[in-house]
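A.B. asks: Next up is a structure, given as structure tokens.
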Amino acid sequence: MKLTAFQYGKTELAEAMIFENGSFDIKQPIALLFFLIETEGRKILVDVGCDTMPGFPLFEHKSPVEVLEEYTSRESITDVIITHAHHDHIEAVKYYKNAHIHLHRDSLKYAKPYSIEGLSPFDESFTLCDGVEVIKIGGHFFGSCIVRIGDFVLCGDECYSEKNLTDLIMTGSSVNRENSLAFLKEYGKPCYTPILFHSPSVVGYIGHKIFFETET
């Protein structure tokens, strides 16, 4: 199994979105990322990125599908897991017409503008294939999910910063505070390795970086 991270741009968020009770006047830079899980017989994207980001500035931006295709073809993607139906995580789904698209049913109405083909909505957490578990959290957004690969946790937007986890500080953009806090308490434990979708340190440049690769 192989996990590869892709960075296709940068933007900035108000501190108030990253941390509950943060300042609206302070801006923090964030990276724009998506991930590819390769396992026997499958290539699974976790989120797909965006070509546009209304209301937010884009820096060093490149179409996410172009960044992917420097590594592998879009036609080779078998599955796409959308962690939640926010624009920067779902807009580029239009490029993956041959893939099965996995999205929690609570997110369906928010995904309608994207006219998704090949949609496989799910109601409960499930195992997509050996070693890849999709877990509903529903803290950040309606139906929002994370993806577990063993001890590695692809966190979606359930947290933006390592500080959210280490200090149990919820983001300022949660639809369910109870679920958000439960996520932080569980996945902030030292037995997990959280991977953040907006951390500038995951890749650090426009392109891809192999996060890990195992023989099984």
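Laboratory data are not the source of any read-out in this text; all were calculated from the coordinates shown. None of the values given here were measured: they were computed from a predicted structure. All Cβ positions, glycine included, derive from the backbone under ideal geometry; neighbour counts span all protein chains shown.
A.B. asks: What are the semi-axes of the equivalent ellipsoid for the stretch 153-203, taken as the square roots of 5 times the Cα gyration tensor eigenvalues, largest first, in whole Å?
C.D. replies: Here the semi-axes work out to 16, 13, 9 Å.
A.B. asks: Still on this structure: Please give every one of the aspartates and glutamates within straight-line cross-link reach of residue 163, meaning a C-alpha to C-alpha distance under 15 Å, and leave out same-chain neighbours fewer than 8 residues apart.
C.D. replies: Cross-link targets: 15, 20, 186.
A.B. asks: Pop out the Kirkwood hydrodynamic radius of the stretch 62-121 from its pairwise C-alpha distances, inverse of mean 1/r, in Å to one decimal.
C.D. replies: On the way: mean 1/r = 0.0847 Å⁻¹.
Computed over the stretch 62-121, the radius equals 11.8 Å.
A.B. asks: Given a cut-off of 22 Å, name the pairs among 2/209; 10/185; 136/185 whose C-alpha atoms lie farther apart than that in the structure shown. Spell out each step's value before the answer.
C.D. replies: On the way: 2/209 11 Å; 10/185 28 Å; 136/185 15 Å.
Correct reply: 10/185.
A.B. asks: Now a separate question. Find, among the trypsin sites (Lys or Arg not before Pro) in the stretch 112-216, those assigned to loop by DSSP (not H, G, I, E, B) with at most 12 other beta-carbon atoms within 10 angstrom.
C.D. replies: On the way: sites: 136, 148, 163, 177, 185, 209; in loops: none.
Taking the stretch 112-216 and a limit of 12 other Cβ atoms within 10 Å, no loop trypsin sites (Lys or Arg not before Pro) are found.
A.B. asks: What span do the alpha-carbon atoms of the chain cover on each of the three principal axes, reported in whole Å from largest to smallest?
C.D. replies: Extents along the principal axes: 44, 35, 34 Å.
A.B. asks: Excluding the sites themselves, what is the longest stretch of the chain that contains no GluC sites (Glu not before Pro) in a DSSP loop with at most 16 other C-beta atoms within 10 Å?
C.D. replies: Details: sites that count: 20, 40, 60, 70, 117, 124, 215.
Longest run free of exposed loop sites: 125-214.
A.B. asks: Right, here's the next one. What are the ³J(HN,Hα) values, in whole Hz, obtained from phi via the Karplus relation 6.51 cos²θ - 1.76 cosθ + 1.60 with θ = phi - 60°, for each residue of the stretch 112-124 in sequence order, with x given for Gly and Pro?
C.D. replies: 4, x, 9, 6, 6, 9, x, 7, 10, x, 10, 9, 10
A.B. asks: Sticking with this one: Compute the relative contact order of the chain as a whole-number percentage, counting only Cα pairs closer than 8 Å that sit 6 or more residues apart in sequence.
C.D. replies: Working: 508 pairs, mean separation 51.6, N = 216.
About 24 percent, as a whole number.
A.B. asks: Just for the chain, what percent of DSSP beta bridges are antiparallel, to the closest 5?
C.D. replies: Details: 34 of 47 bridges.
Looking only at bridges with both residues in the chain, the antiparallel portion is about 70 percent.
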